[in-house]
Structures are given as C-alpha cells and as structure tokens.
1. Considering only segment B:259-282, how many residues are over 14 Å from B:Glu6 (Cα atoms) and of a type in the set (A, V, I, L, M)?
2. Could you list, in sequence order, all residues of segment A:1-48 that are over 24 Å from B:Met39 (Cβ atoms), facing another protein chain (nearest Cβ under 10 Å), not in a loop (DSSP other than H, G, I, E, B) and not aliphatic (A, V, I, L, M)?
3. Using the structure shown, decide if A:Lys109 is open to solvent by 30 Å² or more (accessible area, probe 1.4 Å), modelled with pLDDT under 90, closer than 29 Å to B:Glu149 by Cβ and at the interface with chain B (Cβ under 10 Å from one of its Cβ atoms).
4. Taking segment B:95-134 as the region of interest, how many residues are touching a residue at least 40 places away in the same chain (Cβ under 8 Å), within 22 Å of A:Gln128 (Cα to Cα), surrounded by 21 or more Cβ atoms within 10 Å (Cβ to Cβ) and more than 9 Å from chain A (Cβ to nearest Cβ)?
5. Which ones in segment B:137-151 are closer than 15 Å to A:Ser81 by Cβ and open to solvent by 30 Å² or more (accessible area, probe 1.4 Å)?
6. Taking segment B:55-94 as the region of interest, how many residues are assigned to a helix (DSSP H, G or I) and either surrounded by fewer than 15 Cβ atoms within 10 Å (Cβ to Cβ) or modelled with pLDDT of 90 or more (or both)?
Amino acid sequence: MSMTMHVDIVSAEIEIFSGTITELYAPAEMGEVGIMPRHAPLLAKMKPGEVRVVDQHGETQSFYVNGGILEVQPHVVTVLSDTAIRAHDLDETAALAAKARAEAAMADKKTEYDYARAKAELVEAVAQIETIKKLRKRK
Amino acid sequence: MAGAKEIRSKIGSVKNTQKITKAMEMVAASKMRKAQDRMHAARPYADKINTVLVHLSQAHPEYKHPYLSEREEVKRVGYIVVSTDRGLCGGLNTNMFKAAVTEMADWDEKDVEIDVCAIGKKAIGFFSRFKAKVVAEASHLGDSPSMEELIGAVKVMLDAYDEGRIDRLYLVSNNFVNTMTQAPSVQQLIPVKGVMDEELTHHWDYIYEPESKPIIDGLMLRFIESQVYRSVVENIACEMSARMMAMKSATDNAGEIIKELQTIYNKARQAAITQEISEIVSGAAAV
C-alpha cells in the first residue's frame, strides 16, 4: 500500500481542495518545499505562488494561493490560503482608510457617549417591535 | 356617492405596496440561499485554523502570543459591531444593538471606556448618533463581502490592542440559528478563549520556517480576521432571512388591509344603491 496523507487547502472565503494525496509542493517563504507522508511537523509561511498536489494515481493538480500558512502533521497537511494580497504597507493603508472614514463621521460630534439615551431609545424600538408582534398574534 | 372612488384608489395603492413587498420577499429569499452557501463555504477555514491553533497549543513554542494572555487591569475595551447596510429587516439590528449597549453600559458603570469599530451602515449611524467613539468603520460590503474590505477595520482594533490602548476586544453580531430565528451574540475575541487551554500530553514542537514569532503572529491575525469575516457573512444570511420574514408579514398585512377596504367599499356602494332606490320609490309614491 502506498503511503498517503490528507490535505485541505482552504481560504477564508471558500474550500479550495480536500482529498488524499501522496505528494505536495508549496511555495514556502524561503523557497519551495516538497512534503511527503510522515513529514515532521512543520509550520511555514507561504508567499504567493502555486501549490501542487499529486494524488494516488500520479495525477497532478495545481492551485494558486495568495500566500498564507502551511501546517504539516505526519498524515495531515493544511494549507491556509489568504484571499487577499497581504503586505504590511497595504494593511497599513487599509487601516488608515478605515480610521479616516470613522473620524470624518465623528468630526462634528462631541466624544461624550450617552448610554442612557442610547438605551432608552433602544428600549423604545424594542417595545415597538414587541407590540407589533403581539398585535399580529391577536388578529 | 362620495367615498367609493377614494376607497377604490386606496385599495389600488395598497395593492401596489403589496406587489413591492412581495417582490422584496422573493429577492431576499433567493439572496438568503446564496448567503447561507457562503456561510458554509467559510466554515472549513475557520475549523482548520482552529485545529492548527490547538496543535500549536500542544506544541510548546518558545514564543507566546500576546493575544493569549489576559491583562490584569481593564481600562478600555473595544467592540467590533457587525450590522447590515440596509434596513427593512425587522428587529435584527435593534436587537443586536440592544445586546451591545447592555454590555457597554456595564463597562461604563465600571468606568471603562469603549472604542467601537462599526461594520455596516446601520452600526455607523447608530453609534455616531449616540456619540460613541467610533475609531474605525467599514460599510458597503455588498452581498458577498471579501476579506480585503475588512482587513483595515480589524487592523485598527488589533493595533489598538498591541499598543495597549484597549485591553479587550469583543465581537457583536447576529448568529444564524435558522431561517426564522436570529440571535444576537457578544463574543470575546481577545484574549483568545478556548483554543489554548488543552493539557499537554507530550512535548514536541514544529519546525518553523522562517521563525516561530512571525508565523504565530500571522496565524493569530488570520484567526481573528477569519472570525470577523465569518460573523460578517453570517450576519448577511441573518439580514436576508430577517428581511424575508419582515416582507412576508408586510405582504400578509397588506392583504388584510385590502380585504377590510374591500368590505367598506362594498358597504358604501350598497348604501348608495339602497338610497337611490328609496328616492325613486318615494318619488313615484308622491306622483
């Protein structure tokens, strides 16, 4: 019996591949790595590139990943693919944009948060919803 | 007869409203199915990243991530609130805001300050109206949000945690129980709970490439992001099913109103006919 291992290639948005294979090649940050069954536990960062898997019938399938993390256990391999292209600078820009949007919205307001008022208004809204529900039931 | 014409036009306008709500119901139903599929598609990643974190907790790395340890003093907490972009979905957002505000009020009593990261237009509107400190926001995510759009907003909160500006981070969103029920939930994101408290059975460690620190950092970042992403996707499924239910009852209500108006109209018409006959009869009798 030939040795196999299970592999899951997943991204946050979708499951890309799941199955039994004999070999896997992944673009680790320090160069491509080849994984065979019974590999020692390994945790590696991946850069964007191609992940190739070879199944029991010797057929090769390849997938593109945007970088991510590769976890290897002796008989289970997990490829956590990123969905977006990640770079420190890009993340930083995105964070600044999110902040700026919030600040723009807050610009003309004071910073005091009135919980009492928020709560009161919510209680009112919830009461309205409850009433509507009750009215509906009575009909 | 004066009333009949007005009542007829009223019936017409209610009928038009009914057509609109019916259409919205059907649109929401089909979108809900897609949103549910997306919710299921996001599950494997969350499961796998959880497995890896459990493995990692057993592995005994020399580096312990700051997200795993509890801070003793809590001076400021962060909330990521996930809401919808659009309304007309029943009490979905209101119930969720209520859950969030109840929690926030508890913190407020303990003199703990609060930062809010609002996702979705409704949350932005709500929290800025009440002058909460909204430090980051993301909206217009559409029906199929991508991770890319959330990274920035999440990073603001994670940076705040790293720099010690907040000591805890919570995630508020709706849980999709089934089509009829959505339950608001408040979940603690940081310090990470539940993944790291398993007993060590034996001592082993990964081979890290390049080093343990950047990998674990990256893993934690993705873990938090995937949690937020999952709740955003789940919230969309909630939105669609809540809207479907709301529109269904609106359609039903419109039907009832039409029925009532129809009765009134018939009565008015009958009264007019009766009056006319009695006028003719009394006129004939006079001759």
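1. Total satisfying the criteria: 6.
2. A:Gly31, A:Lys45, listed by residue number.
3. In short, yes.
4. Number satisfying all stated conditions: 3.
5. Scanning segment B:137-151 gives B:Ser146, B:Glu148.
6. 4
The values are calculated or read from the model by the stated rules, or taken from the named source; none is laboratory data. Predicted model only: the values in this text are computed from it and were never measured. Note that each Cβ is placed from the backbone with ideal geometry, even for glycine, and that neighbours are counted across all protein chains shown. Areas reflect the complete protein model, heavy atoms only, side chains present, ligands, DNA and RNA absent. Shrake-Rupley method; radii C 1.70, N 1.55, O 1.52, S 1.80 Å.
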